[in-house]
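Some notes on the structure that comes next.
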Amino acid sequence: MNWKRNLLINRVMAKKHSKSQAKEISEKTFELNITTELLNISKSFIWYMDHSPLSHFLDETIWREFLNQSVFFAEGLTQDQESKVGGGYDVSIHCKHPISGSGRLMFLQYKAGKRVGYCQNKESHFNKDNSISSGSEHAMFTFNDAAKKRQHSILQELAKNNNIQAESVMYVFPRITETIDFYDKVGNLIENSSFVPVLDLDEQAKKQSPAITINEGVVHKYRTSYDGLKSEVNFFFFKYIYTNYHLQKLLGEMICVQLERFFKILKKRREFRNDKFQFEIIRILEHAIFNSITSYFKTNITEFVLDDIRFYLRKIEQYFSYDTIPNAPSTYTTIVPKQGLKLELQEFENYSSINYQIF
């Protein structure tokens, strides 16, 4: 029945022209599905471990305990209209994880895009005169259009907050604009999305000559080719250099967090029997994680993911003799301590469009 699907795709593509189309997929749809993928990838090594030579040495309830505590949820920031003291108010974000005692927080600001035939800016990657060989069609996203056109500034302020890791505040631009393409890529949405730290946009803008500021009160566009290799930002135009580096580092860190929780279960159950067991479980984990990552991604996206994981596993190995499990890295995720994470928000600011994810 492939001919029917190809016919449908051809009909959809035939409708595309130089003007942009309406969005076919909502931001909430992307948020729900991409966060699910992030969680599944971060713990997928467990399925490989379950079929490893060590599996029969471990109580099967260990896997159940680990999987039952793997959660990922989203909440929104809200404004306390009654707070008038000090020009702002405090918000406390809580998440006490049953295993590690602390949750991890990320501000992933999802944006839904639409297909555009070309950009009229003569400097654009996607101007017809500049893209004869690669084509001018691209995905276009609008940002800073919410919170009275201050959404980007609010995200900047969060990224610069001393209690929040700057790289844990990101835009997510899924390079998927048609429903039929979404259905085709479900389960592989992450690889087809651009993960862009908010402050990296500002840093690259400042490096332009003359320097560019992403101003509040102005709606901006993020444009990208569907393979993610070409990107740019306008209102004030500049070409943005995008790589998968930040996505790889985020995934590596999330897997390390899951490893921390897994080893804490082993420690609690006194499963560290001897040096040989410790060496074997590290070796098998490396193999399991490599298999789980490479089975998911079609492109070569494993370099930084595996480097960070191997480094963390070496740290765990060193700590075995101290009967202590080191904390997973915290660069692309912010630790939510047991007592909660305190944030001071500005009074009368509209935070209703800002969501955070915790796992």
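The values are calculated or read from the model by the stated rules, or taken from the named source; none is laboratory data. These numbers were taken from a predicted model, which means no experiment stands behind them. FYI the Cβ positions are ideal-geometry reconstructions off the backbone, even for glycines, and counts take in every protein chain you see. All accessible areas refer to the heavy atoms of the entire protein, side chains included, with ligands and DNA or RNA removed. Shrake-Rupley method; radii C 1.70, N 1.55, O 1.52, S 1.80 Å.
With respect to SER44, is the statement that it is at pLDDT 70 or above, surrounded by fewer than 16 Cβ atoms within 10 Å (Cβ to Cβ) and under 19 Å from the mean Cα position of the chain (by Cα) true? Here the answer is no, as SER44 does not meet what is asked.
Annotation: ILE289 fulfils all but one of (1) surrounded by 14 or more Cβ atoms within 10 Å (Cβ to Cβ); (2) at pLDDT below 85; the unmet one is (2).
For the residues ARG261, ARG283, ARG269, the requirement of being open to solvent by 20 Å² or more (accessible area, probe 1.4 Å) and at pLDDT 85 or above singles out ARG283.
When region 333-347 is filtered for residues that are out of contact with any Phe, Trp or Tyr (no Cβ under 9 Å at 6 or more places or on another chain) and either in a loop (DSSP other than H, G, I, E, B) or surrounded by 14 or more Cβ atoms within 10 Å (Cβ to Cβ) (or both), the ones remaining, listed by number, are ILE335, VAL336, PRO337, LYS338, GLN339, GLY340, LEU341, LEU343.
A search for C-beta distances below 7 Å between a residue of region 187-212 that is over 23 Å from TYR296 (Cα atoms) and among the aliphatic types (A, V, I, L, M) and any residue that is modelled with pLDDT under 95 and assigned to a loop (DSSP other than H, G, I, E, B), counting only pairs 6+ apart in sequence or on different chains, returns LEU201/ILE214; ALA205/ILE212; ALA205/THR213; ALA205/ILE214; ILE212/PHE236.
Among the residues of region 302-332, which ones are open to solvent by 30 Å² or more (accessible area, probe 1.4 Å) and small (Gly, Ala, Ser)? Within region 302-332, SER321, SER330 meet the criteria. Scan region 194-227 for residues that are in a strand (DSSP E or B) and open to solvent by less than 10 Å² (accessible area, probe 1.4 Å) and the total you get is 7. The set of residues from region 146-170 being outside any helix (DSSP H, G or I) and crowded, with 23+ Cβ neighbours inside 10 Å comprises VAL169, MET170. Sub-9 Å Cβ pairs linking a first residue in region 277-290 that is of a type in the set (Gly, Ala, Ser) to a second residue that is assigned to a helix (DSSP H, G or I), at least 6 apart or interchain, are ALA288/PHE45; ALA288/ILE46; ALA288/TRP47; ALA288/TYR48; ALA288/MET49, ordered by first then second residue. Can you name the condition, by its number, that THR177 falls short on among (1) of a type outside the set (Lys, Arg); (2) at pLDDT below 95; (3) part of a loop (DSSP other than H, G, I, E, B); (4) more than 17 Å from the chain's Cα centre (by Cα)? It fails just one condition, (2). For region 348-358, the tally of residues that are of a type outside the set (S, T, N, Q) and either exposed (fewer than 15 other Cβ atoms within 10 Å of the Cβ) or at pLDDT 90 or above (or both) stands at 1. Looking only at residues in region 121-145 that are crowded, with 18+ Cβ neighbours inside 10 Å and more than 25 Å from PHE182 (Cα to Cα), the one that is modelled with the highest pLDDT is SER124.
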